[in-house]
Structure formats: C-alpha cells, structure tokens
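Worksheet: one structure, shown below.
The values are calculated or read from the model by the stated rules, or taken from the named source; none is laboratory data. Note that this is a predicted model, so its numbers are computed, not measured. With ideal geometry, Cβ positions are generated from the backbone for all residues, glycine too; neighbour counts draw on all protein chains shown. Quick note on the areas: whole protein, heavy atoms, side chains included, nothing else; ligands and nucleic acids left out. Shrake-Rupley method; radii C 1.70, N 1.55, O 1.52, S 1.80 Å.
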Amino acid sequence: MEGYKKIMDITLALGGGGAKGNAHIGVIRRLEKEGYKIHSVAGTSFGGLVAILYAAGRTPDEIEEVFTSTDQGSLYARDSNEGPSLLGLSGVRKLLDTILGDKTFDDLKIPCAVTAVDTKTGSEVVISEGFLRDGVLATIALPGIFPPHRLNDWDLMDGGVLNPVPVSVARMLSPDLPIVAVVLNDPLDIPVRTYSIPVPSMLPKQITDRIYRLHVAQAFDIFMRAVDLSSRAVAHYRLESDAPDVIIRPNVHHLDLLDKVVVKDVAMLGEDAVEAVLPELKKAVSWTRRVNKIFFGGKR
C-alpha cells in the first residue's frame with residue numbers, strides 16, 4: 001500500500017495567465033480527488049501565487065474562498081511610491097499582508113519556488129527563500145503594467161517573460177517525479193483578443209467609454225497583444241524543450257489576463273481539464289514510465 005501511495009506522487013508547474021490562473025485551483029482539487037499527492041510545486045505569475053498558497057498549507061477550497069472574497073476591482077490601485085507602471089499593486093500588497101503576513105519559504109509545508117526576471121541583467125531568478133510576499137510581488141510584476149519589485153540587488157518582473165510554465169523549476173524541486181504542467185497560454189493558432197484598461201467599476205459608463213477611446217487605451221491594447229503573443233511563443237518552445245510528463249490545458253482562452261471573473265466558474269474549468277488527461281496521468285506515474293525515465297531519460 002505504501003508503494004502505491006508513493007507512485008502517485010507528482011510535482012506541479014503552474015503557468016502564468018492572470019485571471020485565467022483561477023483554473024489552477026480546480027486542477028489541484030481534482031488531482032487530489034484522484035489520489036495524486038503533490039510533492040512540490042513551482043509557479044510563474046498567478047501560478048506562483050497559487051503555488052505559494054498551496055505550499056503554505058491552504059486547501060484548494062480555501063484558496064478559492066480567498067479569491068472569491070477579494071474585491072478584484074481594488075487590486076490594481078497605485079501608491080505614490082510605486083515605480084513606473086500603468087497600474088499599481090497596492091491592493092495586492094494589502095491582500096498579501098492579510099493572507100501571508102511575514103511567513104517565509106521556510107514555513108511552507110512542501111517545496112515551492114517561483115520565477116521572476118531581473119530587469120537589469122535579463123536573467124531568470126528562481127525565488128525559493130525569504131518572505132513569501134516578496135516572491136509573489138516579484139513573479140506577478142507584468143512588465144509595464146505593474147511596477148518591478150525590488151528584492152536584494154534585483155529589480156524583478158514577471159517570470160513569464162522567460163519561463164511562462166516553470167517545468168525546469170519543478171524538475172529542480174523534484175528531479176525523480178513526473179512533472180504535470182498546467183498551461184494557460186493560448187495555443188499559437190488562436191487569434192489574439194483585444195484588451196481594455198481595467199477601470200473602477202463605480203465610474204459612470206460615459207467616463208469609461210471616453211477612457212477606452214483614448215490613445216493610451218489603444219496603446220495598452222497593442223502592448224498587451226504583443227505580451228500575449230510573446231508569452232504564447234515562449235511557452236510553446238519552452239514546453240518542447242523542457243518536456244513535462246503531462247500537459248493540462250484548461251479551456252480559459254475566452255478570458256483576458258486582467259478580467260474580473262467568477263472564481264468558482266474558472267476553477268471548474270481546471271477540474272474539467274484534469275478529467276481530459278486522466279489516462280495520460282495514469283501512464284505518467286506508472287512504474288514502467290518511471291523506470292524508463294530513470295534509465296533512458298524517457299526516450300524508450
């Protein structure tokens with residue numbers, strides 16, 4: 001029986017995707033229901049936030065409750081001391097102070113790491129120590145949209161710039177376990193959506209319509225399309241080279257990065273995506289696949 005439990009161990013790589021990342025909740029919940037034990041978890045951007053909360057001991061239901069009870073419209077307010085960016089993260093900081101406080105990576109229940117990129121050197125930074133809130137603020141700092149996060153000697157931005165689905169980091173955490181990658185990026189062949197600047201929901205419609213017609217709103221749309229396309233391409237080629245054992249793709253292609261969403265509905269899309277790959281998961285954790293991976297690198 002103990003051997004059977006051990007064979008169900010996996011490690012997760014949770015990709016970035018803004019509001020789409022609520023699907024990670026459903027993925028984790030369904031994996032647990034199917035008997036899989038998540039031994040470690042790596043995350044990028046929103047996937048990094050979910051990874052840290054889960055590694056800290058929060059259940060999928062508890063994570064869903066945190067996001068459901070959060071006023072999504074208040075997350076992106078700016079503080080006067082924030083760096084150059086279109087939107088701010090003062091609301092996110094308040095949320096992190098409430099749910100994480102001064103906890104560090106040493107307080108986590110399972111191994112976890114998140115990714116960021118140093119704006120000065122262009123190098124990937126894997127964060128697996130220090131305060132958890134610093135890890136979150138660094139990995140979600142979408143370039144130009146949110147301010148870079150200063151940590152040690154780095155000015156850090158969203159890890160999705162170089163590693164949208166951190167399979168390589170998950171492999172670093174648990175080299176001998178099957179890697180399940182949760183990909184939120186659209187495939188390369190899906191048309192790019194338009195993007196709108198998030199504005200407070202209490203503003204009158206005539207004011208929001210005027211904002212959307214401004215040149216800055218049009219520039220935001222073009223910039224976000226470029227970010228979307230670049231992230232898709234990087235994710236595609238990184239997945240080819242990093243080769244996770246199983247890829248889960250929740251059907252979240254109708255959502256934008258900064259959409260206000262019904263958390264429960266998006267989480268359900270994650271559960272549905274796991275259902276679609278259950279046969280692949282079973283093969284990935286089989287003894288034959290593991291022996292093949294150890295001795296032949298998965299090539300036979």
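Of Lys37/Lys283; Lys33/Lys109; Lys109/Lys264; Lys94/Lys120; Lys20/Lys264; Lys103/Lys264, which pairs sit farther than 22 Å apart, going by alpha carbon to alpha carbon? Too far apart for the 22 Å limit: Lys109/Lys264; Lys94/Lys120; Lys103/Lys264. Summary of packing: across the peptides 135-143, 158-166, the per-residue average of other C-beta atoms within 10 Å ranks them, highest first, as 158-166, 135-143. Per-residue accessible area (protein heavy atoms, 1.4 Å probe) orders Leu108, Leu156 as Leu108, Leu156, starting from the largest. Placing Arg30, Arg232 in order of accessible area, with the largest value first and a 1.4 Å probe, yields Arg30, Arg232. Accessible surface for the range 1-154, divided over its residues, is 42 Å² per residue with a 1.4 Å probe. When you filter the GluC sites (Glu not before Pro) in the range 5-74 for DSSP loop state and at most 15 other Cβ atoms inside 10 Å of their Cβ, you are left with Glu34. Between the alpha-carbon centres of the range 210-281 and the range 131-146 there is a gap of 18 Å.
Using the Cα centre of the range 51-172 as the reference point, and only Cβ charges (+1 on K/R, -1 on D/E), how large is the resulting charge dipole? Debye, rounded to the nearest 20.
Value, rounded to 20: 160 debye.
Amide H contacts of Leu89: Asp79, each under 5 Å away and 5 or more positions distant or on a separate chain (H built 1.01 Å from N in the peptide plane; Pro and chain starts excluded).
Can you bin the range 123-180 into rounded, prolate or oblate? Criterion: square roots of the alpha carbon gyration tensor eigenvalues sorted a ≥ b ≥ c, rounded for a/c under 1.5, prolate for a/b above b/c, oblate for the rest. Prolate shape, in that a/c is at least 1.5 and a/b is the bigger ratio.
Of the GluC sites (Glu not before Pro) found in the range 70-131, those that fall in a DSSP loop while having at most 13 other beta-carbon atoms within 10 Å are Glu129. Phi angles across the range 233-245 convert, under the Karplus curve 6.51 cos²θ - 1.76 cosθ + 1.60 with θ = phi - 60°, into 3J(HN,Hα) values of 5, 4, 4, 4, 6, 5, 5, 4, 7, 7, 6, x, 6 Hz, Gly and Pro given as x.
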